[in-house]
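All of the numbers you see were taken from the coordinates with simple rules; none came from a lab. Keep in mind that this is a model prediction, so the values were computed, not measured. So basically every Cβ, Gly included, is an ideal-geometry build from the backbone, and we count neighbours across all protein chains shown.
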Protein chains: 2
Amino acid sequence: MGELLNKNLSALIDIKKEEIEKFESFLIKRTVSKKQNLLNHGSVCRFVAFINKGCLRSYSVDANGIEHITQFGVENHWIADLYSFLNQTPATLNIEAVEDSEVLLLDFSNLEKLYKSIPGLERYFRILFQNAYTSTQRRLNSTLSISAADRYNELITSYPELIRRVPLIHIASYLGITPESLSRIRKRL
Amino acid sequence: MGELLNKNLSALIDIKKEEIEKFESFLIKRTVSKKQNLLNHGSVCRFVAFINKGCLRSYSVDANGIEHITQFGVENHWIADLYSFLNQTPATLNIEAVEDSEVLLLDFSNLEKLYKSIPGLERYFRILFQNAYTSTQRRLNSTLSISAADRYNELITSYPELIRRVPLIHIASYLGITPESLSRIRKRL
DNA sequence: CGTCTATTTGAATGTACTCAAAAGCGGTGG
DNA sequence: CCACCGCTTTTGAGTACATTCAAATAGACG
């Protein structure tokens, strides 16, 4: 079901074959076609999703109707409205497929069970959250420290494939600027 | 040594008395007086610090010499340059005491040892990072979605004591605006 | 081929910025 | 205890940059 997930787990923790099988037995496979939503804001996020194939984005919509992208997720990464998931409160984020995608869903109550029966998972998610935390901190710091143009350059050098897979309108949203501003930044290069 | 830490641990995980004692035996107590640095950017962050008393801030300095505060830490919270700590690379952040403070330092190599000998710690830090991650995401989202004035209001309603303990110049830096702008925002209230 | 969305371009606007300076405040030493 | 000094906060004026609004062009997809 999840060779990719299998590798992902094994790369971070020592985990037995039967533990992986158990883990995978709790996952639900789902396909999400382009532009389709995996999560709608307002409903509780009942899962974390491991991306097997494709690309998704999570975003909020502000009071003026402007979208703000919190995360792009590609193969081998997890995506969710984590705050909603952890507190089982209505989501503030939407999650939408940028490409036709395939995800493995892990349910909230199942995750709690799995933490108990596969102790190594605590370590796995500890490392995952640790990395997610530091990269979000770095992104926040960039947002506060450097110009949109520099952030754009940083982004395309760190994730060059993103430009090919994601429309600029979403890149602009991720960077916190308008599509018009991004267009002008790109013209100057 | 750390009644506060003791409570903090016990609130999140099941942990035995002797495990807490073991944990605490690896901690080094240190006082940091106001304006003194606990960490200088450029040197490797060898510790995570649990704040027993006082208030510290972590911040970066950008190419124009402007400070950007990544975190305020008060009693019962941890502070570090986590990226530097985890990768044992030179820190990009400075950590400075805003008030006379007392911290308990946990060394990098000791933490790895403790993860092995006290399995519950994985869970403890998993939860800690999980929370840190979601709150940083929410802060990032606020930075991109709402005006500085609204972010200021959000901050003082969420952490009213911060205004009393931290000079406005630092609040401005945390919000990503100049002290002049913050002063004007406050005048309009 | 036609429609819908993404991207680009232009012009006018506004908000936060910089720079400069004054006022306020806290702490230290004589 | 008061005077001074340094740092914080406020205020003012001019500027710069991304934004908004509008419209044209380009691309993707059925």
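Would the stretch A:88-107 turn up any residue that is outside any loop (DSSP other than H, G, I, E, B), away from DNA strand D (no atom under 12 Å from the Cβ) and loosely packed, with under 15 Cβ neighbours inside 10 Å? The answer is yes; a qualifying residue exists.
Conditions (1) under 20 Å from the mean Cα position of the chain (by Cα); (2) among the aliphatic types (A, V, I, L, M); (3) assigned to a strand (DSSP E or B); (4) more than 17 Å from residue B:105 (Cβ to Cβ), marked per residue:
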site	(1), (2), (3), (4)
B:6	yes, no, no, no
B:22	no, no, no, no
B:28	yes, yes, yes, no
B:35	yes, no, no, yes
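In the stretch A:111-132, the count of residues that are away from DNA strand D (no atom under 16 Å from the Cβ), surrounded by 14 or more Cβ atoms within 10 Å (Cβ to Cβ) and outside any helix (DSSP H, G or I) is one or more. Of all residues in the stretch A:25-36, none that is within 14 Å of another protein chain (Cβ to nearest Cβ) has its Cβ atom under 6 Å from the Cβ atom of a residue that is part of a loop (DSSP other than H, G, I, E, B) and away from DNA strand C (no atom under 16 Å from the Cβ), 6 or more apart or on another chain.
Exactly one residue among A:122, A:161, A:180 is within 15 Å of DNA strand C (Cβ to nearest atom) and within 30 Å of residue A:20 (Cβ to Cβ), and that residue is A:161. The C-beta contact set for the stretch B:119-136 (first residue more than 7 Å from chain A (Cβ to nearest Cβ) and closer than 14 Å to residue A:121 by Cα, second residue of a type in the set (Phe, Trp, Tyr) and assigned to a helix (DSSP H, G or I), distance under 8 angstrom, 6+ apart or interchain) comprises B:121/B:23; B:121/B:115. When B:173, B:145 are checked against the criterion of being touching a residue at least 40 places away in the same chain (Cβ under 8 Å), within 9 Å of chain A (Cβ to nearest Cβ) and polar (S, T, N, Q), a single residue qualifies: B:173. Residue B:187 falls short on exactly one of the conditions (1) in contact with a strand residue (DSSP E or B) (Cβ under 6 Å, 6 or more places away or on another chain); (2) of a type outside the set (Val, Ile, Thr); (3) surrounded by fewer than 20 Cβ atoms within 10 Å (Cβ to Cβ), and that condition is (1). So for the stretch B:65-78 (the condition being within 13 Å of another protein chain (Cβ to nearest Cβ), within 16 Å of DNA strand D (Cβ to nearest atom) and not in a strand (DSSP E or B)), does at least one residue qualify? Within the stretch B:65-78, one or more residues are within 13 Å of another protein chain (Cβ to nearest Cβ), within 16 Å of DNA strand D (Cβ to nearest atom) and not in a strand (DSSP E or B). For the stretch B:145-181, a residue qualifies if it is within 12 Å of DNA strand D (Cβ to nearest atom) and β-branched (Val, Ile, Thr), and the qualifying residues are B:163, B:166, B:169, B:171, B:177, B:178.
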